[in-house]
Every structure is written in structure tokens, then in C-alpha cells.
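A quick write-up on the structure given underneath.
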Amino acid sequence: MNRKYLPLFLLMLTLTFSSCSVFQSKKAAPAKSAKQKKSKNGIKPYGQVITKEAKTNKGLFDVHFLDNKYFFEIPDSLLNREMLMVTRIAKTATGIGFGGGKQNEQVLRWERKNNRVNLRVVSYSNYAADSLPVHEAVVNSNFEPVLFSFDIKAFKKDSVVNNLVIDATNLFTKDVKAIGFQDQRRKQYQVKGLDGSRSYIDTIKSFPKNIEIRHVKTYSAGKPPSNASTGSISLEFSNSLILLDKEPYRKRYFDERVGWFARGQVDYGNEAQRAKSVKYLDRWRLEVKEEDEEKFKRGELVEPKKPIIYYIDRATPEKWRPYIKQGIEDWQVAFEAAGFKNAILAMDPPSVEEDPDWSPEDARYSVVRYLASPIPNANGPHVTDPRSGEIIESDINWYHNVMTLLRNWYFVQTAAINPEARRPEFKDEVMGELIRFVSAHEVGHTLGLPHNMASSSAYPVEKLRDPAFTKEFGTAPSIMDYARFNYIAQPGDGDVALMPAVGPYDKYSIKWGYRPILDKTPEEEKEILDQWILEKADDPIYRFGKQQIGGVIDPSAQTEDLGDDAMLASHYGIENLKRIVPNLNEWTYQEGESYEDLTNFYNQVFGQYNRYMGHVAANIGGIYEYYYTYDQKKDNYIHVDKDKQKRALQFLLDELYETPEWLIVPEIYNKIQYDGYLEQIRSYQDRNLTRVLDFGRMARMMENEELNGAEAYALNDMMSDLREGIFQEIKRGQEISRIRRNLQRSYVSRMHQVMTEEQSSIPARFRKYINQSKIDVINSDVRLIARAELKQLESDLKRAERITRDEMTKYHIEDLLDRIDLILNPKS
């Protein structure tokens with residue numbers, strides 16, 4: 001081609017190709033249209049978002065994993081349906097609780113708004129039936145906050161489904177506090193924020209009724225409880241998203257006279273002339289089949305529509321499975337009292353070959369999870385529908401090391417009368433029965449029952465030495481108390497029962513909470529439920545006493561105690577400890593082993609001894625708490641009688657403040673430690689002095705005296721009795737031993753605190769959980785009584801100083817006088 005025509009040819013060629021693109025516009029139109037649509041609202045065709053490379057997990061939502069992102073495919077039918085999100089710590093850092101600890105529980109709703117999906121938080125703390133006019137006001141006053149918002153990425157529409165797709169990744173990788181670490185812990189460890197580079201989603205699994213998410217969060221922290229060099233905390237969270245039924249289960253209203261886990265709401269539809277809070281029970285859906293209603297009315301046992309089934313984790317050692325199962329099914333007798341047979345069952349899960357998709361995380365299954373953990377514990381949380389209290393599922397966390405706890409308790413509480421407990425390692429049959437006991441206790445929690453700490457005080461102490469009585473009734477009326485093992489029984493008492501079982505209180509409470517009252521509304525059945533309570537009201541076996549946290553005010557509702565008289569029970573307990581101590585070397589002997597078990601069991605003796613002191617001390621200034629109603633015409637709060645309080649103080653003076661020589665055993669000390677026994681005894685004596693000279697206890701004693709006059713154990717009388725008992729050598733002119741000198745210095749130190757300190761305050765968020773009798777110390781009689789006691793002690797010491805002949809005693813008295821002078825005359 002002639003060079004001079006080349007530019008013209010290229011121009012024509014360009015125009016020709018341009019023309020081709022115009023001529024082919026009809027074929028290219030779909031691609032252009034899709035591109036325009038994307039630029040308009042960001043929504044792509046389904047196949048461009050969920051490609052063939054995606055890994056799909058089908059269930060409640062189809063969950064697609066692609067390019068390190070997780071997409072939720074949400075059916076239209078599940079928009080605006082209520083779902084429960086339960087957040088737990090699955091794996092924790094050292095020093096932050098234990099795996100399985102619940103962080104949050106909230107109802108969520110997925111709501112479409114144009115081309116976005118909002119995840120909203122639904123509250124049931126305020127309520128009114130939607131048939132009432134006030135319902136609209138409740139809705140308007142409880143606007144649902146948006147937890148997270150998502151762009152719709154694609155739609156999937158055909159004759160079968162109508163779904164929308166969102167990218168859910170950021171919900172679990174960003175710092176969304178509602179599904180992560182609690183604010184309270186963030187403040188404690190000075191959490192500064194989330195480190196996204198060390199945070200990620202581990203797994204998301206979808207099941208028919210729930211979606212299970214595991215995600216790791218790493219937070220930058222100023223005070224991490226462990227691994228401080230990293231300046232951070234890493235935790236693995238478990239989030240369960242569970243679909244709630246369209247129609248909630250029927251409620252049963254709570255009554256504090258029967259112990260039960262419950263939840264509350266303010267019912268604005270109630271006719272009371274105030275915003276009234278109502279509470280209803282946490283309980284499983286146990287219903288009578290329609291064809292069995294007549295049998296049930298005749299009093300025949302019937303099978304429920306759907307039983308409560310617990311599966312035993314595949315990881316559970318084979319030899320312990322029968323005992324865990326038996327602990328679960330021990331509750332059959334209680335459900336028979338509620339009118340059901342075969343209401344609670346223990347089953348093995350299908351094998352991997354039988355069902356490869358079976359998972360303990362599936363919300364359709366309640367599982368006893370066996371965890372390889374050094375934590376010496378077990379716990380029984382449950383997941384509950386907040387609209388009704390219906391328990392949806394429960395996973396009991398069974399930590400391997402709970403056996404260490406059982407071994408320690410069983411040894412120190414029963415070895416004096418029980419040859420099977422006199423060894424470091426128990427026979428499998430013995431440990432199995434202990435596992436069964438703990439299994440039954442934890443299952444009780446998952447059924448809705450809290451601890452009933454008053455139960456163990458229902459039986460007379462001497463009855464717990466009676467084989468016939470204990471075989472019939474166990475060692476406490478409820479397995480939900482912390483009544484471990486029978487430390488009261490003495491050698492020669494015979495074949496007494498050593499532990500509680502599902503007892504008469506448990507049967508009563510399960511009947512009260514679960515027995516269907518047919519043809520009655522929740523409001524109408526309250527009269528019948530109240531009558532069931534009144535039938536048992538005067539029998540201590542059926543009394544409920546809540547767990548006390550912080551200080552013990554009610555001495556009849558303590559942990560780890562037995563019997564109706566703490567002084568007599570603790571006397572028997574100490575007699576058994578005195579039998580155990582001389583045999584510790586023999587009973588812990590293992591060829592070629594170190595003294596680790598000897599050390600452990602000796603410390604267990606000290607710990608048990610201290611529990612007895614705590615049980616006794618609680619009677620001084622103690623008040624019994626009951627839960628009567630107007631129609632019962634009884635007082636809810638009754639002070640412990642004067643004689644019992646005086647006996648309690650005398651017990652402490654005799655058994656603790658008088659040196660417990662039986663605990664000082666050179667043959668043991670020389671094997672387990674190079675020093676420390678003096679300090680160990682001093683610390684226990686000092687701890688119990690602080691218990692007795694507690695500001696709250698003093699406040700209750702002064703009120704008792706004001707209300708009941710001479711019938712009360714007056715605070716100044718108690719303080720005088722305590723001083724005279726601790727300083728008894730002073731008036732007698734006797735030599736004071738080193739351990740007694742330590743005790744007397746602890747007394748003066750505690751009196752200094754009484755004279756100079758105020759009652760410690762409890763943070764507002766804990767006040768509803770922790771017991772404390774409040775007192776303005778500086779404006780009360782506490783300090784004038786303390787001052788009078790110190791002046792009397794000062795006078796007694798000066799008199800003793802003149803007559804004592806022992807050199808160390810003389811030095812001790814001079815030191816005490818100087819200390820007291822500094823308290824009474826701080827300016828000097």
C-alpha cells in the first residue's frame with residue numbers, strides 16, 4: 001500500500017470496528033444492563049455472588065464460604081421472625097472464667113429495609129398483649145435498636161425459594177460488643193479495642209433450627225490477666241443463633257416460695273395501678289398428649305408429647321457414661337410427681353457412621369459435654385425463650401478435673417467412717433457414684449432449679465447418724481443444696497447414707513413447676529399453685545432458701561453445711577477430722593510417689609475445719625429469712641435466738657481461738673513444708689475474727705437489741721464475751737503461748753480497723769446479688785462500744801503486766817499496750 005494512503009486506511013479501519021460494536025449492541029445489552037444495575041444499587045445476579053467455587057452449608061440459612069467471606073442466604077419466610085442469639089466464651093485465656101461462660105443473650109430480628117437488611121434487637125422487658133390498646137404505646141416506647149446493617153448482595157428467586165444474600169463476615173470480625181466481650185471485663189482488663197489483624201471467624205455451621213458461629217477475637221489490653229508480654233487478650237466466642245417458635249409456650253408465673261430460675265418483664269397490660277413486674281419460670285415444654293388427657297386427669301402417669309433428652313458426648317470416657325446417664329434419669333421420680341413417666345431420658349449420640357452430620361452444637365440436641373480441662377467444676381446452663389421462659393436446649397459442661405473436687409470432698413468428709421475413701425485414688429465404682437451425684441445436681445439446674453441452700457438445715461443433726469432415716473430420706477431434702485457428704489456420722493453409727501439424692505423437696509418443686517393444669521390459663525392456675533405451696537408451708541423439708549453471695553445473713557441457708565444446728569454438726573465434723581489427721585500418712589501412702597497427696601489432703605482438712613467455723617459464726621447476728629405472704633400471717637425475718645448466738649461464740653472460743661493442737665502434727669509438717677504452720681493457724685483465726693467483728697453483723701445485733709430488748713444478744717455483751725475469751729490468760733496471770741499471742745495481736749488489729757475504717761461499699765451493679773447489712777459506722781454505737789472494750793483491755797493488760805513473770809508474755813503485753821494507745825490516742 002502506498003504510504004500516503006496509510007493514514008486514511010487506518011482511519012477507515014477504526015470506523016469499521018466502531019461500527020461493528022454498534023451493530024452488535026443487541027447482544028451486548030444484557031452485560032451493560034447488569035453493569036448499570038450494579039452501579040445503581042450494588043445488587044448482582046445470584047450466580048455472580050455465589051459462584052460454583054463457594055462451599056455451602058445448608059440449614060436454617062444456607063451459609064456460603066467464598067474468598068474468606070461468609071454469606072448468609074436468608075429466606076423471605078424468616079424475615080421478621082424472632083431468633084435468639086446466645087453468646088458464650090468457648091475458649092478462654094488464663095484468668096478469665098471458664099469455657100462455656102455466657103456473655104449475653106438477646107432476641108434478634110432480621111428486617112429488610114429497601115436494599116439493606118437490618119439486624120434489630122428485640123426486648124421483652126416491657127410487654128402488653130397485642131390485643132390491648134396500650135400495646136401500641138409499649139411498642140412506641142421500645143424502639144428496637146439496629147445491631148448491624150448489611151447490603152443485599154443478591155437475590156435468589158424461583159418457584160420454590162425467595163431468598164436474599166448478605167455478607168455476614170463483618171458481624172463477627174468487627175468489634176460488635178453485644179456478641180463479644182462484656183463491658184465489665186473490658187474495664188477490668190483495660191481493653192482498648194479490637195485488633196482486626198489477629199481476629200477471625202473459625203467456623204460457621206448451619207443446622208435446621210440454629211446457626212453456630214465460632215470466632216476468635218484479640219483485644220489490645222492494658223492489664224491482661226495472663227500472657228502480659230503480648231499486651232492483649234485472645235478469646236474464642238461461640239454464638240448460637242436459634243429460631244424461636246412462632247407461638248411461645250404457655251407461661252407459669254413465679255413464686256419466690258419455690259426456688260426456680262425465672263425471668264421478668266413489666267406488664268403494662270396488667271390491671272394493677274402501677275407498672276407491675278411479673279416473673280415466669282424457665283422450664284421445658286412438657287405437654288400431655290390430647291389422647292392421654294383423661295388418663296392424666298384420673299391420676300395415671302402419661303408420657304409427654306416430647307420428652308427431655310440428654311445425649312452423652314462421644315468424648316466421654318466409656319466407664320463414666322452409665323453413671324452420668326443414671327444421674328440424668330434419677331429425675332424420673334420427680335417427674336412422676338408431676339404426672340409424667342419417661343419424661344427425661346439419657347441417650348448415646350449416633351456414631352459418626354450412623355450420622356456423620358450429628359453435632360453437639362446443634363440446638364435440637366441437649367448434650368453433656370465432656371471437656372478435657374483442669375477446671376475442677378461442672379455447670380448446667382440452659383438457653384431460654386425470653387418470651388415465655390421455655391427452655392430450648394441445654395449443654396452441661398463436664399470438666400474432667402471435677403473428679404479431683406469429688407475426691408477431695410469425699411475424703412475429708414467421710415474417710416473417718418468410710419474405708420472406701422481412705423486412699424488417694426478411688427475405685428471406679430466409688431468415683432462413678434460420685435459422678436452420678438454431680439450429674440444429677442447439674443441436671444437439676446438445667447430443669448430450672450437454682451441452689452436451695454436452706455434444704456440441708458431441714459433434718460435434725462442426730463437423724464443424720466441414723467441409718468434407717470438416711471437411707472429413706474438421704475442427707476438433705478434436695479440435691480440442689482451444696483450438701484456434699486455426710487460429715488456428721490460417727491464411727492459405729494452403722495450403714496448411714498453418705499450423700500443426698502433427688503429428694504422430697506425436688507419432687508415437690510418439679511411437680512409445682514411442671515405438672516400441667518389442664519383447661520386453665522396461666523392466670524387462672526395461680527390459685528391452684530398457691531394451694532400446693534400452702535399444703536407444705538409449715539414443713540421445713542419444703543422450705544426454699546436462696547444462695548447467699550458475699551456475707552451470710554441467714555445461717556440456715558449456707559453452703560456445705562448439714563443439719564439444723566451448726567454447733568452440734570461442726571462438733572461431730574471436727575471429731576471426724578481429729579480421726580483423719582493421725583492417719584493421713586498411712587491413707588495417702590503410695591510406693592515411690594511424692595508427698596503431693598499428703599499435702600493436698602492435709603490442706604483439705606484445714607479447709608473443712610474453716611468451713612465449720614464459718615457455719616457457726618453465721619449464727620452470731622444471724623437472721624432467718626422466709627418468704628411468707630399476707631395470708632400466711634407470719635414474719636419473714638426472725639433473729640437467731642440469744643442462746644444459740646451465745647453458743648456459737650463459745651464454740652469459736654473453744655474450737656478455734658483456743659489453739660487447735662490436734663492440727664499441729666510434726667510428722668506431717670516435716671514432710672510437706674519448711675515453714676508456715678504458725679501463719680496458717682493465725683490466718684484462719686484472723687479470718688474468723690473478721691467474720692465476727694463484721695460491721696453488718698454488728699448492725700443486725702444492735703437492731704435486734706432495739707427490737708427485742710433483753711431477748712437479744714446485745715452487741716456490747718458479745719464484744720465483752722469475745723474479749724474475755726481471747727484474753728483469758730490476762731486475768732489468770734498465765735503465760736501466753738506464741739499462737740495465742742498471734743491471735744491477740746490479730747484482735748487488736750481488727751479493733752483498730754473497727755475504730756478507723758468504714759464499711760466497704762459494693763459496686764452498684766453487684767448490689768442485687770450480694771448480701772450486706774448497711775451501716776454508717778462513724779455515726780453508730782459501734783465505735784463507742786469498741787472504744788470501751790479497748791479501754792477495759794488496756795486496764796486488764798496493765799494489771800497483768802505487774803504480775804507476769806514470763807519474759808515473752810511481758811514483752812507481748814507491753815507491745816499490746818503501745819498498740820492500743822496508738823488506737824485510742826492517735827495524735828500521741
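The values are calculated or read from the model by the stated rules, or taken from the named source; none is laboratory data. On a predicted model such as this, the values are computed, not experimentally measured, just so you know. Note: ideal-geometry Cβ built from the backbone for every residue, glycine included; neighbour counts use all protein chains shown.
Condition check ((1) part of a loop (DSSP other than H, G, I, E, B); (2) out of contact with any helix residue (DSSP H, G or I) (no Cβ under 8 Å at 6 or more places or on another chain)) across all residues:
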residue	(1), (2)
PRO477	yes, no
ALA483	yes, no
GLN490	yes, no
LEU498	yes, no
VAL502	yes, no
TYR505	no, no
ILE510	no, no
ASP519	yes, yes
LEU529	no, no
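Quick one: which helices (runs of 4 or more DSSP H) sit completely within region 644-711 and have at least 2 residues that are under 14 Å from MET613 (Cβ atoms) and assigned by TED's automatic domain parsing to the domain that holds ARG750? Give the derivation first.
Numbers: elements: 666-672, 677-692, 695-708.
Result: 677-692.
For region 628-642, the criterion of being buried (at least 17 other Cβ atoms within 10 Å of the Cβ), within 25 Å of the chain's Cα centre (by Cα) and modelled with pLDDT of 95 or more is satisfied by no residue at all.
Whether any residue in region 702-710 is touching a Gly at 6+ places or on another chain (Cβ under 9 Å), of a type outside the set (A, V, I, L, M, F, W, C) and within 24 Å of ILE775 (Cα to Cα) is what I want to check. For region 702-710, residues touching a Gly at 6+ places or on another chain (Cβ under 9 Å), of a type outside the set (A, V, I, L, M, F, W, C) and within 24 Å of ILE775 (Cα to Cα): present. Of the helices (runs of 4 or more DSSP H) that lie entirely inside region 293-358, those containing 1 or more residues that are among the aliphatic types (A, V, I, L, M) and under 14 Å from TYR370 (Cβ atoms) span 321-329.
Return yes or no: is ARG697 among the basic types (Lys, Arg) and closer than 15 Å to ALA648 by Cα? When the stated conditions are applied, ARG697 passes them.
One residue stands out among those in region 531-556 that are in contact with an Asp or Glu (Cβ under 7 Å, 6 or more places away or on another chain) and either under 29 Å from LYS251 (Cα atoms) or of a type in the set (Phe, Trp, Tyr) (or both): the one that is surrounded by the most Cβ atoms within 10 Å (Cβ to Cβ), which is GLY545.
Listed by first and then second residue, the pairs linking a residue in region 222-246 that is under 18 Å from GLY193 (Cβ atoms) to a residue that is crowded, with 19+ Cβ neighbours inside 10 Å and among the acidic types (Asp, Glu), with Cβ atoms under 9 Å apart and 6 or more places separating them unless they lie on different chains, form an empty list. So for region 757-765 (the condition being charged (D, E, K, R) and either assigned to a helix (DSSP H, G or I) or at pLDDT 95 or above (or both)), does at least one residue qualify? Yes, some residue in region 757-765 is charged (D, E, K, R) and either assigned to a helix (DSSP H, G or I) or at pLDDT 95 or above (or both).
Tell me, please, whether a residue that is outside any loop (DSSP other than H, G, I, E, B) and modelled with pLDDT under 95 can be found in region 450-461. Checking region 450-461: not a single residue is outside any loop (DSSP other than H, G, I, E, B) and modelled with pLDDT under 95. Entry remark, region 465-515: residues being charged (D, E, K, R) and touching a strand residue (DSSP E or B) at 6+ places or on another chain (Cβ under 9 Å) number 1 in total. Within region 569-597, residues that are under 16 Å from GLU420 (Cβ atoms) reach partners that are assigned to a helix (DSSP H, G or I) and of a type in the set (Val, Ile, Thr) with beta carbons closer than 8 Å, at six or more positions or on different chains, in the pairs ILE580/VAL412; ILE580/VAL605; TRP587/ILE580.
If you take the residues in region 441-468 that are among the hydroxyl-bearing types (Ser, Thr, Tyr) and over 19 Å from TRP512 (Cβ atoms), which one is farthest from the chain's Cα centre (by Cα)? Give the derivation first.
Of all residues in region 441-468, those among the hydroxyl-bearing types (Ser, Thr, Tyr) come to 446, 455-457, 459.
Still in the list and also over 19 Å from TRP512 (Cβ atoms): 456-457, 459.
Working: SER456: 20, SER457: 22, TYR459: 26 Å.
Out of the qualifying residues, it is TYR459.
Number of residues in region 776-797 that are surrounded by 13 or more Cβ atoms within 10 Å (Cβ to Cβ) and either in contact with an Asp or Glu (Cβ under 9 Å, 6 or more places away or on another chain) or in a helix (DSSP H, G or I) (or both) equals 14. Just one of the numbered conditions (1) free of Cβ contacts under 8 Å to residues at least 12 places away in the same chain; (2) among the hydroxyl-bearing types (Ser, Thr, Tyr); (3) within 30 Å of PRO555 (Cβ to Cβ) is not true of SER773: (1).
Scanning region 533-555 for residues that are among the charged types (D, E, K, R) and either more than 18 Å from LEU449 (Cβ to Cβ) or within 24 Å of the chain's Cα centre (by Cα) (or both) yields GLU535, ASP538, ASP539, ARG543, LYS546, ASP554. Number of residues in region 515-540 that are in contact with a Gly (Cβ under 8 Å, 6 or more places away or on another chain) and not charged (D, E, K, R) equals 1.
The single condition from (1) exposed (fewer than 13 other Cβ atoms within 10 Å of the Cβ); (2) within 25 Å of GLY676 (Cα to Cα); (3) within 44 Å of the chain's Cα centre (by Cα) that GLU807 fails is (3).
Take the residues in region 204-244 that are under 27 Å from the mean Cα position of the chain (by Cα) and in a loop (DSSP other than H, G, I, E, B); name whichever of them is surrounded by the most Cβ atoms within 10 Å (Cβ to Cβ). Step through it out loud before you land on a result.
To start, the set of residues in region 204-244 that are under 27 Å from the mean Cα position of the chain (by Cα) comprises 209-219, 221, 223-227, 232-244.
This time we only want the ones that are in a loop (DSSP other than H, G, I, E, B), so: 209, 223-227, 244.
Numbers: LYS209: 18, LYS223: 12, PRO224: 22, PRO225: 16, SER226: 11, ASN227: 14, LEU244: 20.
Residue satisfying both the conditions and the ranking: PRO224.
Picking from residues in region 178-195 that are surrounded by fewer than 14 Cβ atoms within 10 Å (Cβ to Cβ) and over 11 Å from SER220 (Cβ atoms), the one that is modelled with the lowest pLDDT is GLN184. Just one of the listed residues (ASN610, ASN619) is in the same structural domain as PHE651 (by TED's automatic domain parsing) and either within 23 Å of the chain's Cα centre (by Cα) or in a helix (DSSP H, G or I) (or both), and it is ASN610.
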